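No lab work stands behind these numbers, since they all come straight from the coordinates. Quantities reported herein were computed from a predicted structural model and do not represent experimental measurements. All Cβ positions, glycine included, derive from the backbone under ideal geometry; neighbour counts span all protein chains shown.
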Amino acid sequence: MKANFLHNKTKLVIQAALLVLIITLLVIGAFNKAHTTDFEAYCPFGGIMSLGSKLWMGTMSCAMSENQLFMGIMLVIGVILFGKLFCGYLCPIGTVTEWLNKLFARFNISIVLKGKVDRILRLGKYVLLFFTAYFTITSSELWCKKFDPYFASVTGFGTDTVLWAGILTILVVVVGSVFIRFFWCKYVCPLSALSNIFTNILISAPIVIIYLIIRLIGWDMHIIWLILALCLSGAITEIFRYKFYSIPLLRVTVNHDHCTSCGLCAKACPQGIDVYEYDKVTHPDCTLCMDCVKECDEDESIGLNQSKKTWIPPVILGGLIILGVILANNFSFKTLTERWGNYETLQNVKSIELKDMRSVKCYGSSKSLYLKLRRIPGIVGVDTWASDHRVHIFYNADKLSDIDVKKAVFTPSKYILQKFGDTPSDLLEIFEIPVNGLWDVYDNYDLVRMLMKNPDIVGLKTDFGEPVLAEIYVVKGSVTPAELIDIIEQKSYTRIIKGEEVEVKVDFSCEGKGRKLGEINYPDFRKDFFAAYNQEFNNYQNYNLADLKVLEIDFPDAESTLARRELRYFTSHVSEYDGVVRLQTVFTDRPVLRIYFDPKQVSAEQVEAKLTSPKLKVFQSNGDIIERDNVLKFAGEVRINNAQ
Ligand code: SF4
Ligand code: SF4
């Protein structure tokens, strides 16, 4: 007799619905980039890792959401009290694995590994969990994204995935599923190992408690030892005992007074468990999927806790998910909390809340903000909530006002929106418009893209104000302030993302009608907006300018992102000569590169040769020298001048 794949319709419907949902969201995201789904935000494994990171480092992993965190907590509660429900019903990899396995089962090429090979291979997932947990918890970055087959699939091998590792793990899932029953889940999946550790709660809980006591009594024991102890305890229990020390609230039970040992339940079990050999199924792979119970026709022979209430596991799972969503919507965890200076002893500490800080979107960007704030006298603390881009800044109210703090935090910016290659003598008009909703660099990017659509709008400068002041440079007589306000107050604009047109919603509003600040000619505008680069090295300050020469050459791409990044390496490259002491880019009547050198130590020809070296020699702080391609492009003839 063959087991019927369709007997367990509840599980089938849940699995199919989830896969359809994921595929639908993927298709929607593929056709409309504005509706791309963040699949990572619902991964409970990331949530548990993030919780570990929060407890150890005091920070959440980048891009982690409360949704993910509470899904992780619900998964842990579910596993401890009931079993591996997530694996049985929700895990998309588990579903694909199970279906592939069932599809190929008819060709009799799929086997269930048993005995020593099975037990030894089970160690693999604990090894992977150990490294994943260690690197994630100690870095606040989800390390497993590099190779996670789910993440690689739903992001189309996004930037966080290492291509070969993503392809390899997808191959392991697919090929493994075809030939070996649940190869990924049993032997590779770190979430499976983590679930088993929580199932093994009567061993895991004492380990955690001992670790906490050790830390409480003052021994600064690193978390790696806790991770190692938990992984070892899970692996040893699973491999040697083949069942866990668990709280058995729900178990598949077999009544041998009624069981005929026909084996149908074992055939139905996707995990390949010999169900009928148990009184209570304590096998580490059981996910309470209920396939075995649904398959059996003999009354009272098999059940869930000796009943036929097979609806209990999916209902519990649904309840846990709903509870997780409710909690996620009512709690928000800080991404970063820092206090410094004399925060503890200050009498008059106040805080301000800044909302819509879109550039605060993860732990890394929170840390950047913290480093910036630390340099501002009078500011003594910061809390960030990356999930809703919110920041609390603590300051000494005897020294600073809330306006001072906002001003110090604000970054004035300049953007050239159009370039005229032939440096025309056109006059530009400058209009100042206060803009609500313009604060963060990401707001600036939106406004830049909106303004750039008009070729007569040439530049944008932002300056602190409440609201922020936008200085907009336009070709004289071409655009009025009223037209600028119409552009700024559009509710959306379109932009191209990965070759597709995407509608982006925005919410700027202007105060007043705008005013004219003055006029400027185009070359002066370019000089004012030029993003100059300047590095002094090799004891530049010890030289008299009169003793130095300057090599100058046109550098048309000086302001490009690529050039600005590569200039750091180029600086290291030219610093090889002790007599080369400064490198800068300036706008004369066009962008140029200048290299200052001492002609007594190095010749102009030697310096010039550096410009065209095919490889840059980069000197590392640890003494190593690396080489990278020289991609900088200069134009025209080299000019040698006296330094001024
Ligand atoms: S529990 Fe039911 S399906 Fe399984 S062997 Fe016994 S009678 Fe057959
Ligand atoms: S023993 Fe039953 S409930 Fe457990 S995994 Fe197998 S079929 Fe599902």
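List of remarks:
- The chain: relative contact order as a whole-number percent, Cα under 8 Å and 6+ apart: 10
- Note that region 467-477 has calculated 3J(HN,Hα) couplings of x, 4, 8, 9, 9, 10, 9, 10, 4, 3, x Hz, one per residue in order, obtained from phi through the Karplus relation 6.51 cos²θ - 1.76 cosθ + 1.60 (θ = phi - 60°); glycine and proline are x.
- Residues whose amide H comes within less than 5 Å of that of R251, counting only those at least five positions distant or on another chain, are N305 (H built at 1.01 Å from N in the peptide plane).
- Computed over the alpha-carbon pairs of region 336-409, the distance histogram in 10 Å steps reads 22, 56, 21, 1 percent, short to long.
- Around the Cα centre of region 413-528, unit charges on the Cβ atoms of Lys, Arg, Asp and Glu (plus for the first two, minus for the last two) sum to a dipole of about 240 debye.
- Helix 363-374 and the longest principal axis of the Cα set of the chain meet at an angle near 40°.
- For region 413-528, the fraction of alpha-carbon pairs in successive 10 Å shells from zero, as %: 14, 48, 31, 8
- Electrostatic dipole magnitude of region 486-568 [Cβ: Lys, Arg +1; Asp, Glu -1; Cα centre; debye, to 20]: 160
- Cα pair distances exceeding 36 angstrom across region 9-304, given as percent: 17
- Taking amide H atoms as placed 1.01 Å from N in the peptide plane, the amide H of T494 lies under 5 Å from those of V504, each 5 or more residues away in sequence or on another chain.
- Computed lengthening from R215 to E466, 0.36 nm per intervening residue step minus Cα-Cα distance: 85.6 nm
- In sequence order, calculated HN-Hα J values of region 83-90 (Karplus, 6.51, -1.76, 1.60; Hz; x Gly/Pro): x, 7, 5, 4, 4, x, 10, 10
- Cα centroid separation - region 68-140 against region 258-321, whole Å: 19
- The angle between the Cα long axis of helix 441-452 and the main principal axis of the chain comes to about 60°, on a 0 to 90 degree scale.
- Ranked by how many other beta carbons lie within 10 Å on average, peptides 237-249, 347-359, 75-87 from highest: 75-87, 237-249, 347-359
- For the pair V175 and F331, a Förster radius of 35 Å applied to the C-beta separation gives a FRET efficiency near 0.25, rounded to the nearest 0.05.
- When each of the peptides 510-520, 168-178 is scored by the mean number of other C-beta atoms lying within 10 Å of its residues, the order from highest to lowest reads 168-178, 510-520.
- Using the Karplus relation 6.51 cos²θ - 1.76 cosθ + 1.60 with θ = phi - 60°, the per-residue 3J(HN,Hα) values for region 581-591 come to 10, 7, 9, 8, 10, 9, 10, 8, 10, 6, x Hz, with x marking Gly and Pro.
- Tensor-based shape of region 149-237 (alpha-carbon gyration tensor, a/c under 1.5 rounded, otherwise prolate or oblate): oblate
- Note on K355 and Y242: their simple-model spin labels are 6.0 nm apart, each label 7 Å out from Cα toward Cβ.
- Three-way shape call for region 223-296 based on the alpha-carbon gyration tensor, with the a/c threshold at 1.5: prolate
- Prolate/oblate/rounded call for the chain, Cα gyration tensor, a/c under 1.5 rounded: prolate
- Long-range HN-HN contacts of S413 with modeled amide H, under 5 Å: T462
- The packing ranking of peptides 257-268, 114-125, highest mean first, is 257-268, 114-125, where packing means the average number of other beta carbon atoms within 10 angstrom of each residue.
- The modelled label-to-label distance for the pair F31/V127, using points 7 Å beyond Cα in the direction of Cβ, is 4.5 nm.
- Positive-end extreme of charge dipole, the chain - chosen from F107, I213, V325 (charges on Cβ): F107
- Its relative contact order, with pairs defined as Cα atoms under 8 Å and 6+ residues apart, puts region 413-528 at 38 percent.
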